[in-house]
Amino acid sequence: MILDCVNKVNFPDDMVAKYDNEFQLLGNLWQGLNWLYEYTKRIEEKAIEQIKNGSVLQSMPPEARKAFEGKDIRYVSAGNDPSFDWLNKGLLCCLFQWYSVSACNYVELVGWLCQQEKLQNRTPRQYVDSVIPNVLWFRDKIAAHFARARQDSRDNEADRVVSVLYQVGYDDGRFCAPIWKLSLRRKGMKSKSSSEDPWSITETHEALIQRYKQRLEENQNG
């Protein structure tokens, strides 16, 4: 079985039964991840259609609308955008939290399986960081536990503030997070949030499908 198509990790077929619980759990996690992907995809499709049919432009003030009419638009949105008043922003926030935790668990378990059979030199954590580093940052600072609440010495004050800001925005057809980076200056001390570049649920999931496609296909056929 090719466990990781990108890194070309070949997991021995005769060892799969030894890790039956782990592979069953990967299947369960993937069902949840796939549901989150499909739900988010439908939201993105609605947003794309809204922009395509011009309803976003119609919501703009006339002077702003005139500047964009007749032009190709890369629509970027953050904060309380009235164009997306139909969007359940609380649910979208949770989708990113749920996906990041489950995705990191999924990838880490794959990394652990590789480690057990000595198929790579990375630790499971290092493997996650190599596959989905942006998602891992989001999971560590926001989704699994807020940096603001933990007061971990490894976080700076900007990290703590960012962790409790609404972090989801829209950029060119996809919802993504974290949308904010923050620099603070307090009492002469400077701090800058350590956030990675924004990631999207749909783009991340499509990349994971390509990475793990053979295992997913074998799981479906089995």
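Quick notes
- Contact order for the chain, expressed relative to its length and based on alpha carbon pairs under 8 Å spaced 6+ residues apart, stands at 25 percent.
- Figure note: VAL16, VAL128 ranked by solvent-accessible area, largest first, 1.4 Å probe, ligands and nucleic acids not counted: VAL16, VAL128.
- Dipole orientation for the chain: of the candidates ILE132, ALA147, ASN10, ALA147 has the Cα lying most toward the positive pole (charges on Cβ; Lys, Arg +1; Asp, Glu -1).
- Phi to ³J(HN,Hα) by Karplus 6.51 cos²θ - 1.76 cosθ + 1.60 over region 167-183, Hz, x for Gly, Pro: 9, 9, x, 10, 8, 6, x, 9, 7, 8, 7, x, 8, 10, 10, 10, 10
- The largest accessible area among TRP86, TRP180, TRP98 belongs to the first residue in TRP98, TRP180, TRP86, and the rest follow in falling order (1.4 Å probe, all chains).
- Taking amide H atoms as placed 1.01 Å from N in the peptide plane, the amide H of TRP199 lies under 5 Å from those of ALA177, each 5 or more residues away in sequence or on another chain.
- For region 1-91, the Rg and Dmax computed from alpha carbons only, in angstrom: 21.9, 67
- Nearest-ten-degree value, helix 20-52 long axis tilted from longest Cα axis of the chain: 20
- The slack in the chain from ASP13 to GLN115, taken as 0.36 nm per residue of separation less the alpha-carbon distance, amounts to 35.1 nm.
- Distant-in-sequence amide H partners of LYS181 (H built 1.01 Å from N, under 5 Å): none
- Placed amide H near ASN10: partners under 5 Å, 5+ positions off or other chain: LEU3
- Gained length - CYS94 relative to ARG74, 0.36 nm times residue gap less alpha-carbon distance: 4.7 nm
- Calculated over the chain: convex hull of Cα atoms, volume per residue (Å³): 155
- In a reduced charge model with +1 at each Lys and Arg Cβ and -1 at each Asp and Glu Cβ, the chain shows a dipole moment near 1040 debye about its Cα centre.
- Computed with a 1.4 Å probe over protein heavy atoms only, the accessible area of ASP172 comes to about 100 Å².
- Toward the positive end of the charge dipole of the chain, with +1 on the Cβ of Lys and Arg and -1 on the Cβ of Asp and Glu, the farthest Cα among VAL162, PHE175, GLN214 is that of VAL162.
- Cβ-Cβ FRET estimate between ARG122 and LEU216, R0 fixed at 22 Å, reported to 0.05: 0.50
- Whole-angstrom gap from region 1-31 to region 195-212, using each part's C-alpha centre: 20
- Assuming charge only on the beta carbon of Lys and Arg (+1) and of Asp and Glu (-1), the dipole of region 118-169 about its Cα centre is about 240 debye to the nearest 20.
- Förster-model FRET efficiency, 30 Å R0, TRP35 and HIS145, C-beta, rounded to 0.05: 0.80
- For region 138-193, the Kirkwood estimate of hydrodynamic radius, built from reciprocal distances between every pair of different alpha carbons, is 11.9 Å.
- GNM result for the chain, Cα springs below 10 Å: residue of GLY111, GLY32, GLY188 fluctuating most strongly: GLY188
- Percent accessible area from carbon and sulfur atoms, the chain, protein chains only, probe 1.4 Å: 48
- Spin-label pair ARG154-ARG65: with each label point 7 Å from Cα along the Cα-Cβ axis, the two points sit 5.0 nm from one another.
- In the context of the full set of protein chains, residues of region 4-163 present 56 Å² of accessible surface per residue (probe radius 1.4 Å, heavy atoms only).
- Qualifying lysines (Cα of each under 20 Å from Cα of LYS41; at least 8 residues distant if same chain): LYS52, LYS89, LYS213
- For the chain, the longest principal axis of the alpha carbon atoms and the long axis of helix 201-211 meet at an angle near 30°.
- Calculated on alpha-carbon atoms, Rg and Dmax of region 40-153 in Å: 20.0, 63
- Among LYS66, LYS46, LYS118: highest mean-square fluctuation, GNM of the chain, C-alpha pairs under 10 Å: LYS66
The values are calculated or read from the model by the stated rules, or taken from the named source; none is laboratory data. For clarity, every value in this text was computed on a predicted model and none was experimentally measured. Glycine gets a Cβ as well: all are built from the backbone with ideal geometry, and neighbour counts include every protein chain shown. The accessibility values were calculated without ligands, DNA or RNA, using every heavy atom of the protein model including side chains. Shrake-Rupley method; radii C 1.70, N 1.55, O 1.52, S 1.80 Å.
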